[in-house]
Structure formats: C-alpha cells, structure tokens
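Reviewing the structure listed below.
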Amino acid sequence: MKADQRDVLSGVYYIDGDVAAGYGALAAGCKFIAGYPITPSTEAAEAFARIAPKSGALFIQMEDELASVSAIVGGAWAGAKTMTITSGPGYSLMMETVGFGAMLETPFVLLNIQRGGPSTGVPTKTGQADMMQARWGSHGDYGLIAIAPESPQELFDYTIKAFNLAEKYRCPVMIMSDECVGHMTEKVVIPPAEEIEIEPRRWYTGSPDEYVPFKPDKDLVPRMVKAGSGHKLYISGRLHDERGYPVDDEHYKLKYVRRLVDKIKCNKDKIIELKEEQIDDADVIVVSYGISSRVAIRGIEMARERGIKVGSLRLVTVWPFPDERITELAKKVKALVVPEINYGQVVFDVARCCHGNANVVLVPHGGAGVHVPDDICDAIVSVAKEERKIEEVIEFKTKLEISVFGGGLKSKE
Amino acid sequence: MAEIRFAGYGGQGIIRSGIIVGKAASLYDNKYGTMSQSFGPEARGGACSSQLVVSETKVLYPYVTNSDVLVVMSQEGYDKFEPELKENGILLVDENLVKHKPPRGDIRVHLIPATRFAEQLGKKIVANVVMLGFFTAITGIVTYEAMEKALPGSVPEKALDLNIKAFEKGYNFGLELQKKQKDPQ
C-alpha cells in the first residue's frame, strides 16, 4: 500500500536526524506519538508535534516514560500506528512495557536517540551502549527487531521501515540511533507519497464471532482487530491461550512464548538487512552498525591505502542477529573488527558466531564522541598482521585510551 | 574537503550559520555538507559552536578535527578554537567582539567589524549573517548564488530583507578586502 499524500512532506530538506525521524514517522502513517521529551531526542518529538495536526495525527506529552509507552501500546490496540521517542534514561524506564507490548503482540516503534550513559550520563553527546538493553531489556523471552541508521536520510527511510516491520511481525521495533546522527544536519530527500511503500495493519476480516485473537497465520503472526469494534477481545500480559485467556501450564508456555521468539527467528531472512562492501577479497572485515559503521568506512579506506584487504559488513538491522552470515564470513577471513561506542556489546555476538574461526577485535569508545577513523584503521592493520589465533575478544587500545590511561589499562597485561 | 567551525555564544545564530552554509553547499552547490552542533547543558549565553564539513563526496567522519576555516564571534570561542586551526587555515574574526592576539604566523587572519555593520543596518542580531557574507567572499567554499538561495527559509521571513542586506554588506566588504590585499595601491 502507498503512503497517504497528506502524510508525506515531499521535498528536499536540510534537517537533522531527529527531525527526519519525526517526518518519517508521519510518512509511515503514524497517527499517535506519546512521549516525554528528553535530550537528545527532543527535536524528533517537536518535529512530529509540529506537523501532526495537518494529518489528523496526535502528539501527547505524557507525565513520564511509563505513561508514554503504555499510551502507545493502547493507541496501537485502538487501531493507530504508534511510536514513542526517548533516550537512555527514558528507555530504561520503558522496558517493562516493551515486554508487555511484545506479549500482546502489539505493533509499535520505539525511537532511541542514544546518549552517553549510564544514568543521566552525557545528555548532549553520543553513545551506543543501549544495544543489549534493546534486545534483552524487558524480562521474559520474546523476539524483536532493532535498526541502526547512520544518517538523517536513513532516519527518515528506516523509520518508515520500522513501522512496516512492526505491522508485519506485530512486535516492538527499536530504532537504535544515537546523538551524533540525531543532531547531524544533512540533506534529506523526501520522495513523493506514491514512491513510499507502507505496510497496512494485519486486520482480521472474518466474522466477529469467529475471531481468535492470538491464532497465528502461517508466518506465525496473528491478525488484529481494533479494540471496541465488536469483537470479543481479552488481552493482558498474563500467559494466555489463543483466545487470550489466562493459562499456566508448560504446554502453553511452550506453544505461545516459543512463537513470540520464533515469529522473528523463522522470518529473520526477510527481516535482516546487511550492507556489504569490498567483502570478496577481504582478509579482515569490519562489522559495525549506526554511526560507527559510517566512520568505519573511512578507517577502511585508510587501511586499504596501507595495503590491507579489508571490507565492511554493516548491520543495518542489529536484532535479529545475522548469525549465519557472520559464521560464514569468519571462515573466510583472518579477523573481524568491531568498533562500537561502548565497552563491548554486539562484539560478543560476533564472537559467538565466529566459532573460533577468526580473531575478533573490539575497538571500544567510551561515548561522548565517535571513533576517529585512525583508530579503526590501526586496529585493522594490527590484527591483519596477527598470526596467532586468539580465543578471547581482543580489546584494541585506542589513541584516546592510551592518552588517558597510558598503556597499562588492561588487567591481563 | 573543508572543515569549518563557527564559534560564539548561544543566541548569536552560531548553529544557524552552520545550517545556512551547509544547506547552501548540499542543496544548491551539489556538494555534501554535514553540520553538527555541539552544546553543553547551558543554552543561551553559553559557549557554543557548530561544525560543518563540506566535501565533494559523502562525509564519513562528521566532526571537525583541524579546521580549515574558523569563524569566531566571541573571545572564548577564539581562545578555545584558534589552536585547532590548520596551518594556512583561515581565521575570520568579528573585531567588535574579539580581541585577537598577535596572529600565529601560519594562518591567514581577516577582520571585519560585523557587529558594527549589523548595528548600522538596524539590528545587532544579523551580525552572524554579515559574517556569512564575509565567509562566502573570502573562502569561496560556497557560491554567492547558493547562499542567496539558502537564506530564505533559514531566517524569519519578515527579516529576510535585512538578512540579505547583512549578507551583502559582509560579502562586499570581503571582496574589497581581498582586492586591497592583492593590490595594495
């Protein structure tokens, strides 16, 4: 289905990533955002609030983050496409209801413009340290999707994609951007509405008497109705059977919760998006996501100039994780280099998929800034020369770390 | 590739300056312009700077490390960022706001009474746009035509005429200054 003309502000803009995400949400057909504005995501909420009324969409500033995410789960069940917008501290507060939304198989989008943490951290500077929280932040087993854009244009494009995936798989979709991209101003092209594909809700169209709320289609995803539209609907966070009624035993736990995990796992080939560059002849591959993947390309260019055969595997979607592709690549190369703005999160999933076939190097960054390309280049060059097989993840010492701590930070040395 | 930093304090239009030049470069000069704003917990009145990287190809590293051009409108901005200016870098100074020390031998310094010009035009607030005109004439990183197109929509509509005048004042002053420097007579 094509986007609605009145939701798409077609044109060429010079705007920041946050604003682009707000425009993207509207273009995707989002009709309700509830949020508790927080730096550095505020501009996204402001942008949506500014343009929403003309499209009959609504922004409500809630009393806090718990209320914000609860409101968008409710809004989704009332029939709207919904989103909330936050950053680290707010994201932590939202976690319980992310699981609630997942349990109810609610389609909604959560935009996290990551900042430096923990706690209040560095509100106006960047970080990528919420990646594991995105995947595992709420209790219990469930699958979800996380996307990491690297430019304002992508914050527009992938916000639309996030909504489409949320509708298709009826799960929370996290847009895991960061302050650097959110506050980066660049050219953004918003195409005409007829060029934007949007995923409609998976409405149930049968007879109201026969509606079974959690009975899945073949792809493991059930169909939805609008609460209050005359169907029998009983939904809660309690473990339930297909009708939505509370159940307790192992049988249902297996059948139902397993499906929450499997509907993402079994469809992951359709969900996962990767961007690969110069992989064919590579001895080393940089695996990265979000802003780090953008800076990494410069590091790769520099390493190529120094004669190292290095390529890039960019995780556009970080969750679900591309296990098979990384396992396959690890068999062909000497090492995988993972720059991320944290002290090691996604790198451990990369290492898990390597099965000891390639060395894995973490290029850490403590946040409040992004990697300098030299560090990524140096990590590539040094690991390309490494002849030993090293079982654990190798932590590369960046210039910044050496300048602050000297050479002796690592406890093992 | 050119790394440009605008420095001043919150409320002077420092971020806006980065946006206008970035917009001119990316939308009208067919280049890539990536602007990042940096600010601390404070807003109006606090130190503030915007960073802009203009390139023929996609900007991969978005921040300024060694600036090619530094535009300063506050003493603090001058003191803080002058050392990061590259060898042969261009320093543009609002001489009404910044007392600049004896210049480093390896940079090119250009002074303009931007605030006084802006006051003469009727509003001190357009001093940043005077600086932008000056910047356009001296550096050539963006074209006059692109800047002319970038101004509408980037400044309040009712103040557009004033801003265009401010831009032209700075631009012409820059051209004359360059003429004088080329031909001292």
Item to check | Nearby aspartates and glutamates by direct alpha-carbon distance to A:Lys2 (threshold 13 angstrom, same-chain neighbours under 8 apart not counted) | outcome: A:Glu194, A:Glu195, A:Glu197, A:Glu199
Checklist outcome for this item: Residues whose modelled amide H sits under 5 Å from the amide H of A:Val122, counting only those 5 or more places away in sequence or on another chain, are A:Gly116, A:Gly117
Next on the checklist: Need one value for B:14-23: mean number of C-beta atoms belonging to other chains within 10 Å of its residues' C-beta atoms.
Outcome noted: 2
Next on the checklist: For the ranges A:247-256, A:197-206, what's the packing order if you count other beta-carbon atoms within 10 Å of each residue, average per peptide, and put the highest first?
Outcome noted: A:197-206, A:247-256
Item to check | ³J(HN,Hα), Karplus 6.51/-1.76/1.60, whole Hz, each residue of segment B:142-150, x for Gly, Pro | outcome: 10, 8, 4, 4, 5, 5, 4, 7, 7
Item to check | segment A:35-119: mean projected area of Cα convex hull, nm² | outcome: 5.3
Checklist entry - Counting pairs on different chains as well as pairs 8 or more places apart, how many Lys pairs in segment B:72-185 have Cα atoms under 18 Å apart? => result 14
Checklist outcome for this item: Counting only residues 5 or more apart in sequence or on a different chain, those whose built amide H sits under 5 Å from that of A:Gly79 are A:Ala227
Next on the checklist: Under 5 Å between amide hydrogens, which residues at least 5 positions from A:Ile145 or on another chain qualify, with H placed 1.01 Å from N in the peptide plane?
Outcome noted: A:Met174
Item to check | Residue range of chain B that is longest and free of GluC sites (Glu not before Pro) which are both DSSP loop and sparsely packed (at most 15 other C-beta within 10 Å) | outcome: B:96-185
Item to check | Karplus (6.51, -1.76, 1.60) ³J(HN,Hα), θ = phi - 60°, over segment A:316-325, in Hz, Gly and Pro reported as x | outcome: 5, 9, 8, 10, x, 8, x, 3, 4, 5
Checklist entry - Please state the relative contact order of segment B:134-185 as a whole percent: Cα pairs under 8 Å, 6+ residues apart? => result 51
Item to check | Mean Cβ count within 10 Å, highest first, over the residues of peptides A:319-331, A:372-384, A:104-116, A:267-279 | outcome: A:104-116, A:372-384, A:319-331, A:267-279
Item to check | segment A:340-413 versus segment B:72-130: alpha-carbon centroid distance in Å | outcome: 41
Checklist entry - Over segment A:56-186, what is the percentage of antiparallel beta bridges among all DSSP beta bridges, to the nearest 5? => result 10
Item to check | Percentage relative contact order, chain A, counting C-alpha pairs under 8 Å, at least six apart | outcome: 16
Checklist entry - What shape does the protein assembly as shown take by its C-alpha gyration tensor, where a ≥ b ≥ c are the square roots of the eigenvalues and a/c under 1.5 counts as rounded, a/b above b/c as prolate, and the rest as oblate? => result oblate
Item to check | Percentage, to the nearest whole number, of Cα pairs in segment B:2-182 over 25 Å apart | outcome: 25
Checklist outcome for this item: Between the residues A:Gly17, A:Ile113, A:Ile390, the Cα farthest towards the positive end of the dipole of the protein assembly as shown, that dipole coming from +1 and -1 charges on the beta-carbon of Lys, Arg, Asp and Glu, is from A:Gly17
Item to check | Histogram of C-alpha separations across segment A:49-92, 10 Å bin width, % | outcome: 26, 53, 21, 1
Item to check | Value of Rg/Rh across segment A:5-195 [Cα atoms, Kirkwood radius] | outcome: 0.93
Item to check | Counting DSSP beta bridges with both ends in the protein assembly as shown, the antiparallel % (nearest 5) | outcome: 40
Checklist entry - What is chain B's relative contact order, in percent, from Cα pairs under 8 angstrom and six or more apart in sequence? => result 21
Item to check | In sequence order, calculated HN-Hα J values of segment B:3-8 (Karplus, 6.51, -1.76, 1.60; Hz; x Gly/Pro) | outcome: 9, 10, 10, 9, 10, x
Checklist entry - Taking the Cβ of A:Pro339 as the center, what net charge do the other residues with Cβ under 14 Å away carry, scoring Lys and Arg +1 and Asp and Glu -1? => result -3
Checklist entry - Given the options B:Gly46, B:Gly174, B:Gly89, which has the most mean-square fluctuation in a GNM of chain B, springs set between C-alpha atoms less than 10 angstrom apart? => result B:Gly46
Checklist outcome for this item: Around A:Gly137 (Cβ within 14 Å, Cβ-to-Cβ, excluding A:Gly137; K/R +1, D/E -1) the net charge comes to -3
Checklist entry - Considering the alpha-carbon set of segment A:274-405 alone, what are its Rg and its Dmax in angstrom? => result 13.1, 38
Checklist entry - What angle, in degrees between 0 and 90 and rounded to the nearest 10, separates the Cα long axis of helix A:290-305 from the longest principal axis of the Cα atoms of chain A? => result 30
Item to check | Charge context of B:Gln120, other residues only, Cβ under 11 angstrom, K/R +1, D/E -1 | outcome: +4
Checklist outcome for this item: In a Gaussian network model of chain B with springs linking alpha carbons closer than 10 Å, the residue among B:Arg104, B:Arg16, B:Arg116 that fluctuates most is B:Arg104
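How big is Rg to Rh over segment B:9-84, alpha-carbon atoms, Rh as the Kirkwood inverse-mean-distance radius?
0.98
No lab work stands behind these numbers, since they all come straight from the coordinates. Not measured: the values here are computed from a predicted model. Cβ coordinates were reconstructed from backbone atoms using ideal geometry, including for glycine residues, and neighbour counts include every protein chain displayed.
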